[in-house]
Every structure is written in C-alpha cells, then in structure tokens.
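Notes follow once the structure below has been shown.
The values are calculated or read from the model by the stated rules, or taken from the named source; none is laboratory data. Predicted model, so just to flag it, every value in this text is computed and none were measured. Cβ sites come from the backbone with ideal geometry, for glycine too, and all protein chains shown count toward neighbours.
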Amino acid sequence: MSISASEPRYALAGTIGFEEAQEPRLMGGQCVQCGVKVFPKPKICSVCWGVEQREAPLATRGKLYSFSVVHAARKGWPSPYAIAYVDLEDGVRICAPLEADLAHLPALDTQVELVVGTLRTDADGGAVLSHRFKPLQEAR
Amino acid sequence: MRKVAVIGAAMGRIGRYPELMFQDLGWPAVKGAIEDAGLERNDIEAVYCGSAYGGRLAGQRALRPLGMTGIPVVNCENACSSGATAFREAWHAIAAGRYDRVLVLGIDKLSMLGGGVLPGQPEDWEVDVGLTMPALYAMRARRYMHDFGLTREQLSRVSVKARRHGALNPYAQYQKPVTLEEVMAARPVADPFGLLHCCPTGDGAAALVLCAGELVAQSTIRPVWVAGAELTSGRFVTGFRDITTAEITARGAHEIYEETGVDPQDVDVAEVHDAFAIAELMYYEALGFCKKGEAIHLLESGATSLGGRIPVNMSGGLLSKGHPVGATGAAQIVEVIWQLRGQAGARQVEGAKVGLTHCTGGGIAGLDHGACAITIFKT
C-alpha cells in the first residue's frame, strides 16, 4: 500500500492519504520508540518523548462515542451540522464531522466508517475537505 | 505558611455593556473591594488580575483610573479559571510571606467579541473540524444521558433551578425565572442543548482584598478565612476517555479535601462552574456531593436549592448570573464571601460556615479541560 501526500485544501494538512485503490485513509502518527498512536501526528510522543514518529494509517472503522448537532456555528460554517467523537478500532479517538440524516440520528455506539467530504467552504468559495464518519450500511 | 483571610469583596452586575470601556468595567469593583475592607489604595502591595479575553495589561488598564499602578501587577490567563488562578496566586503570595495585603481582580468584556459562540482555541485540530464549546458539552450530555438514563426534561431542570436563584440576585445578568417548558422549547444551540441550557456571554468584574492573618484584627470587617486554594491542569490522554466524568475536577477536589481536611459533607454553600446544564450535574459528582449517575436525584430532591442540604449556585450560577470568562472565578468567590458573612440577601443560606468555589474550563484537544481551580473558605 502506498500513501500519497494530501492535497492543500484539507482542513488538517497531511491527515488524509489514499491507498492505491483510492480508498481514503486517515493518517495519524505512531511513535517509533513506544508504539503509541496519536492523531494528528505529533512532533514528540507525549508518553515517552520519542521524537521519531512514523505516518500511520488509522483504522477506518470505529464506534460512535457521542455527537451533537450544531446549530449555533462559528462565522463561515454552514449549520446545522453534526460533530462527533469516534473511537477507532485501533484505540484512537477522533473528533469528526458525522455524515448522517439529521432527521434520523444514529444511536450511540453505532458502527461508523471513514469517508472524506466537504467540511465547509473557505473565504474564496473553495471547498475545504476533511475526514468524516458515517454510519456503516447494514449488509443488504 | 501563614493564615490568609478575605476582608473585602465587590462586583458589579454582570451584563452586556458594549458602551463601557474595559477600564471602566474594572475600577468600580477594585474601589468597592478596597472600601469594603476599610482600607486605602496605598495599603495594597500587589495586584493579581485574571482575564481571558482582556488582552495585554488588563490589570494595569483597570487600575490606572484609580491611580493605583506603581506596584507589582501580575496578569493571569487560564481561560474560565483566570480569576480563580489570580486568587490562588494572591493567596499563596501572602501565605508564603511575600505580601500582607493584596488585591485580586477578575475581569472580562465579552461584548467586544460580538455575539454567538466564543472563538475557538487557535491551532486546535478539533476546533478546525467544527467543534465548539457548546458542542463539546453537548457531547458530554448525550453520552451521560445514554449511560445513566438522564432525560432532556431532567437536564432542563438544572436551568430552571439556576434561573430561580438568579432571580434573587441583583448582580445576575438574568433575573427572570424560566419554566421547564421555556427551557425545553428554546431555540437549539448544540443538540441536546437549547439556548437556556447554555450560559450567556457577558461583561463583568469582581474584586477581592486578601490580608495576612496577623493583620486581620486591624480591620473592622469580619474576616472569611481561606482554608485552601487548589489549581491543576487537565491530563493529556491520547486514547479513549470517559467524558461523563469530570476528571480534572474530581482530581482537584480530592486534592483540596485532603489538603484542608474538609469533607464534601461539610460544605454549606457552593458555587460550581455550570457553563452548560450538564456541567452542574457532572460537578455534583466530581465534587463528591453525590455518587456517579445520581446527580439529577440530588437536584430533584431540592438538596442543591435554597433551603436544601448543600445549596449550589445561589448566585444563579453561570447559567443565570452570567459568565464573563476571566471574571467568573473572582465573582464566584465574591458570592461565597457574601454568603459566609450573611450578606447575600434573599438568596442567603442560613448559618453557612464553609463555602466552596469551583471553576474549570478551557477547551483543548485531549484534555478534560485546560484548568481547574477550587477554593474552600471558612468563617
């Protein structure tokens, strides 16, 4: 699997990589010394102070820990939108926009999976992309 | 360490005063606290000023109109705990023997930021993908509701209680009670929160005069003793953590109860950091007023209302009294000083002898909160 560098219009630079089949991956850091995974990739490991961090594709699935539908947003953010904490299968908690039908909100602990989509538009009208999570579709 | 007492306390009514200059918001509280202590400005040896959004030299700007500069002024920023941090540093400076009489000022003017939600922490990745302060607490609320069966109607009772007590406080930003129906129907801010589950933004200043124990006899006012003042910061956790537990508050509470020998059962009146309705419930538990998951029963029993076993937020709390961020810690202390002196008017807790203030906040990714300051006072 090769991971390419991210494009500039991501809300968090360098956090989205793509597998060869073009499936997006959320990129965190893993400490070379002690193995702890953190998102986003830090310059130093807060646990062991190791300064060598490798880029680590994080699990693409996790559980919906909690979320809120934001109606009072900051200036420039379209609302309402849903924001969540997702607990990934590899032990990392991610704050992420939740892609869900706001009229039929998912239950907590629902399985969710990574997608990449538009977060908001910047001052000159361009789309700013970020990681997002959406409830996993049941097998039909 | 020397004993330290609070001998002066003053604040103005919290509200939105966009026409008032920052300095003119501040000096009346300073003058009021010094006069309350029966002192003159030259008696004050140093000033500790807490402000979160006031910018540079907040203390000097508030003191200049009174001609009170020329002494050490220490400006403290610790988000919502700025004023309480300033108090703790002032207390410690006297306890350690550096000064005898010190003034603490907490001040912020949030109306200069415009309306709406507060700006997010710069360079915080959670903020960059859309997290707001109300949404952070709303996620705590949703998880708490899921784990402990709390309903939105029960959550709304926190706001009803806050506004009921705030209506008795002439210093509160909101002095009108609200009904459960009004709380439930208020416009949505961050689901499950509506507007009345969230504290307002406002402008305010509160000041206190602290004095070394051996000089207290020279003062005519009845002293209130500082039993302890605890400050801590949130621990950075890289993995999962339970956001229904207020980790930083529980740890700080444990430390101050150890340090002072005061038990949660000994507390007669408390001001806690109810920036959002769920917070008051989480802090009952973290401060040891009840067991985990039982906070709503404590509130519904009336124990935390006026006349109850452990009245909390008689000022109306942040939800009703208002939350001028950096001033809040000092304003909470002013309220508890008035309560322990028996000067709290219609919201007076009869016979209160032990008071606690709790201030925490500052959203920062990976930490429960940025800072937490807890102070215990005795008559």
- Query: Any residue in the stretch B:123-134 that is within 14 Å of another protein chain (Cβ to nearest Cβ), on the phi < 0 side of the Ramachandran plot, buried (at least 24 other Cβ atoms within 10 Å of the Cβ) and not hydrophobic (A, V, I, L, M, F, W, C)?
  - Reply: yes
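Of everything in the stretch B:353-379, what is among the basic types (Lys, Arg) and either modelled with pLDDT under 95 or touching an Asp or Glu at 6+ places or on another chain (Cβ under 7 Å) (or both)? Give them in sequence order. Give the derivation first.
Taking the stretch B:353-379 and keeping what is among the basic types (Lys, Arg), we get B:353, B:378.
Answer for the stretch B:353-379, where residues must be among the basic types (Lys, Arg) and either modelled with pLDDT under 95 or touching an Asp or Glu at 6+ places or on another chain (Cβ under 7 Å) (or both): just B:LYS353.
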- Query: Is at least one residue of the stretch B:335-350 in contact (Cβ under 8 Å) with a residue 40 or more places away in the chain, of a type outside the set (S, T, N, Q), closer than 30 Å to A:ILE94 by Cβ and surrounded by 24 or more Cβ atoms within 10 Å (Cβ to Cβ)?
  - Reply: no
- Query: Of the residues in the stretch A:56-80, how many are within 11 Å of chain B (Cβ to nearest Cβ), in contact (Cβ under 8 Å) with a residue 24 or more places away in the chain and part of a strand (DSSP E or B)?
  - Reply: 7
- Task: Determine if the stretch B:66-80 includes at least one residue that is within 19 Å of B:GLY204 (Cβ to Cβ), outside any strand (DSSP E or B), touching a residue at least 24 places away in the same chain (Cβ under 8 Å) and not acidic (Asp, Glu).
- Result: yes
- Message: So, B:ARG163, is that one buried (at least 16 other Cβ atoms within 10 Å of the Cβ), within 14 Å of chain A (Cβ to nearest Cβ) and in contact (Cβ under 8 Å) with a residue 40 or more places away in the chain or not?
- Response: no
- Item | Every pair of residues 6+ apart whose Cβ atoms lie under 6 Å, when the first sits in the stretch B:229-256 and is within 14 Å of chain A (Cβ to nearest Cβ) while the second is of a type outside the set (Gly, Ala, Ser) and surrounded by fewer than 19 Cβ atoms within 10 Å (Cβ to Cβ) | B:GLY234/B:LEU367; B:PHE236/B:LEU367; B:THR244/B:ASP147
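For the condition away from every other protein chain (no Cβ under 13 Å), crowded, with 16+ Cβ neighbours inside 10 Å and not β-branched (Val, Ile, Thr), what is the one hit in B:GLY204, B:GLY194? Lay out the reasoning, then the answer.
Working: B:GLY194 fails: away from every other protein chain (no Cβ under 13 Å).
Going through B:GLY204, B:GLY194 in turn, the sole match is B:GLY204.
Of all residues in the stretch B:178-193, which are of a type in the set (Gly, Ala, Ser) and free of Cβ contacts under 8 Å to residues at least 24 places away in the same chain? Write out each step before concluding.
So the first thing to find is which residues in the stretch B:178-193 are of a type in the set (Gly, Ala, Ser), and the list is B:185-186, B:190.
If the condition is that a residue be of a type in the set (Gly, Ala, Ser) and free of Cβ contacts under 8 Å to residues at least 24 places away in the same chain, then B:ALA185, B:ALA186 are the ones that fit.
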